[in-house]
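Each remark here refers to the structure printed beneath this line.
The values are calculated or read from the model by the stated rules, or taken from the named source; none is laboratory data. Since we're looking at a predicted model, the values are computed, not measured. Methodologically, a virtual Cβ is constructed for each residue, glycine included, from the backbone with ideal geometry; neighbour enumeration extends over all protein chains shown. Note: areas computed on protein heavy atoms with side chains; ligands, DNA, RNA excluded. Shrake-Rupley method; radii C 1.70, N 1.55, O 1.52, S 1.80 Å.
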Amino acid sequence: MSGPTTVSERLDALPFTAKHRRLLVGSGVGWALDALDVGLVAYVLLALRTQWDLSPTEQSWIASVGFAGMAVGATLGGLLADRIGRRQVFALTLLVYGLATGAAALSWSLGALLVFRFIVGLGLGAELPVASTLVSEFAPRRIRGRVVVLLEAFWAVGWTVAALIGFLLVPTSDDGWRWALAIGALPAVYAVVVRWGLPESVRFLLARGRTREATAVVREFEAAAGITSSAELVPDPAPVATRGIWSGGLRRRTAGLWLVWFFVNFSYYGAFTWIPSLLVEDGFTVVRSLQFTLIITLAQLPGYALAAVLVETWGRRRTLSVFLVGSALSALAYAGADSHGTILAAGMALSFFNLGAWGALYAVTPEVYPTSVRGRGAGSAAGFGRLASILAPLSVPFLVGSGGTALVFVVFGVAFAVAASASFLLPERRGAALDG
């Protein structure tokens with residue numbers, strides 16, 4: 001590579017190297033541990049409803065309080081990521097929610113569990129948008145969307161592990177749910193790996209005037225591709241000054257992102273937090289419910305795989321909207337399912353389309369903002385979405401009482417349809433360089 005080039009040009013010109021793979025897997029493991037923690041809640045609820053004689057409302061508190069913490073954490077995490085760095089916040093959030101999950105395993109009352117779950121949520125909420133921002137800022141332009149969807153696919157790995165733990169460990173004893181949460185403390189250990197093993201975002205370093213560090217990181221990635229360069233790093237041209245994510249040029253995309261995040265969160269967490277318990281309410285045995293939930297969870301993986309291909313062929317917005325429409329139709333099919341086979345098929349379709357939509361959403365979110373507000377833009381969208389995560393579990397007992405499981409999934413289907421409509425407010429960023 002001859003002569004000075006901008007940070008975007010140098011990063012975008014690289015092939016996908018071992019350094020990229022290490023960053024993807026390193027961030028992805030943290031992502032999977034996130035999913036493990038969130039996924040375990042559904043199985044903890046199933047155990048505690050009997051052991052602690054919890055009412056449906058009290059069960060919904062356990063689910064929702066974590067999302068309340070995630071709403072706060074996502075917003076604060078995005079702000080901190082733009083101030084102290086993506087890697088630093090990523091490591092800190094893993095430490096916070098790992099320790100809190102371990103403490104939750106020792107909960108002696110509903111009140112104690114609620115406190116610990118709120119703290120867990122603080123770490124979880126901050127980690128997800130920060131990790132996707134970090135990976136997006138390193139990925140070469142031509143495959144950036146695919147790389148971020150692959151990062152999101154680690155969520156399915158973590159959720160599948162949670163389903164296995166829920167199936168194999170939680171029912172074995174009265175303390176099964178405690179051992180499950182104890183396993184969820186692993187992120188506290190992994191935080192050390194993240195802090196010392198992953199690079200800081202080059203774009204963040206340049207934005208903070210740390211040009212020497214940024215140049216060193218870029219040269220490491222170039223060396224991994226067999227490229228040597230003595231040129232100093234040239235920052236991208238300064239973007240048009242923006243006063244924030246609601247300024248004139250960003251207002252439409254921010255509104256679109258917030259709407260999509262809100263309604264996707266409402267349907268996803270409402271459905272997948274409650275599916276094991278709803279199956280039991282509809283007459284399934286606990287073991288049968290856990291078996292169905294595990295099979296439904298496995299359908300997430302092909303959903304991510306197809307989305308990873310389509311975001312670079314169809315584009316982000318089209319992929320997102322199609323998978324959201326598929327999610328809406330699957331939710332409506334689940335509402336009308338009247339046999340074990342149709343319930344399982346509709347649940348698998350919902351899992352397939354919904355998680356593919358999540359992959360496309362995480363791919364597009366960091367791309368619509370310039371570096372100076374990318375962290376807070378992604379974090380605030382996620383934070384607003386977490387408000388729906390709080391409302392969804394609380395609404396399920398009311399909806400079940402009003403119209404049973406069918407009404408629950410009709411409402412979720414409508415929410416997915418609204419999210420699909422809102423996705424057309426987003427710009428198409430396939431093949432475009434990240435704004436500086």
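Heavy atoms only, probe 1.4 Å: what % of the accessible area of the chain goes to carbon and sulfur, would you let me know? Walk me through the numbers on the way to the answer.
On the way: 10390 of 15530 Å².
It is 67 percent, rounded to a whole number.
Given R₀ = 35 Å, FRET efficiency for Glu428-Thr211 by Cβ-Cβ distance, to 0.05? It would help to have the intermediate numbers written out before the result.
Working: r = 32 Å, r/R0 = 0.92.
About 0.65, to the nearest 0.05.
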Seminar exercise, completed: Residue span Val309 to Asp53: 0.36 nm per residue of separation minus Cα-Cα distance leaves a gain in nm of 87.5 nm
Seminar exercise, completed: Along segment 104-121, Karplus-curve 3J(HN,Hα) (6.51, -1.76, 1.60; θ = phi - 60°) to the nearest Hz, with x for Gly and Pro, reads 4, 5, 9, 3, 9, 7, 4, x, 5, 4, 5, 4, 5, 5, 5, 5, 4, x
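Per DSSP H run of n ≥ 4, the term is -39500 (n - 2.57); total these for the chain, divide by its residue number, and report the mean residue ellipticity at 222 nm rounded to 500 deg cm²/dmol.
Numbers: 16 runs with 335 residues, N = 436.
It comes out at -26500 deg cm²/dmol, rounded to the nearest 500.
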For this session: Given the options Pro393, Pro129, Pro302, state which has the largest fluctuation in a GNM of the chain using a 10 Å cut-off (strictly under) for Cα springs.
Result: Pro302
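Give me the accessible area per residue for the chain, probe 1.4 Å, as a whole number in Å².
Details: 15530 Å² over 436 residues.
Per-residue value: 36 Å².
In the chain, which longest range has no GluC sites (Glu not before Pro) that are both DSSP loop (not H, G, I, E or B) and surrounded by at most 14 other Cβ atoms within 10 Å?
On the way: sites that count: Glu232, Glu428.
In short, 1-231.
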For this session: Pop out the ³J(HN,Hα) list for segment 412-428 in order, Karplus 6.51 cos²θ - 1.76 cosθ + 1.60 with θ = phi - 60°, rounded to Hz; leave Gly and Pro as x.
Result: 5, x, 5, 4, 4, 5, 5, 4, 4, 5, 5, 4, 6, 7, 8, x, 8
Seminar exercise, completed: Sorted list, accessible surface of protein heavy atoms, 1.4 Å probe, largest first, for Leu24, Leu76 is Leu76, Leu24
Problem set entry | Radius, Kirkwood style, for segment 150-215 when every pair of distinct Cα atoms is counted (Å) | 15.0
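Explain nothing, just the number: dipole magnitude of segment 296-436 about its Cα centre with +1 on each Lys and Arg Cβ and -1 on each Asp and Glu Cβ, in debye rounded to the nearest 20.
300
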Problem set entry | In nm, spacing of pseudo-spin labels at Asp175 and Thr6 (7 Å Cα→C-beta vector) | 5.9
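Kirkwood Rh over alpha-carbon pairs of the chain, then Stokes-Einstein at 4 °C and 1.567 mPa s: what D in µm² s⁻¹, rounded to an integer?
60
Among 120-126, 343-349, how do they line up from the highest to the lowest mean number of other beta-carbon atoms within 10 Å?
120-126, 343-349
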Problem set entry | Karplus (6.51, -1.76, 1.60) ³J(HN,Hα), θ = phi - 60°, over segment 387-393, in Hz, Gly and Pro reported as x | 4, 5, 5, 6, 5, 4, x
For this session: Compute, for Leu114, the solvent-accessible surface of its heavy atoms (probe 1.4 Å) with the complete set of protein chains present, and express it in square angstrom to the nearest 10.
Result: 40
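Length gain on complete extension for the stretch Ser402 to Leu106, per 0.36 nm per residue less the alpha carbon to alpha carbon distance?
On the way: separation 296, 0.36 × 296 = 106.56 nm, distance 3.56 nm.
Result for the pair: 103.0 nm of gain on full extension.
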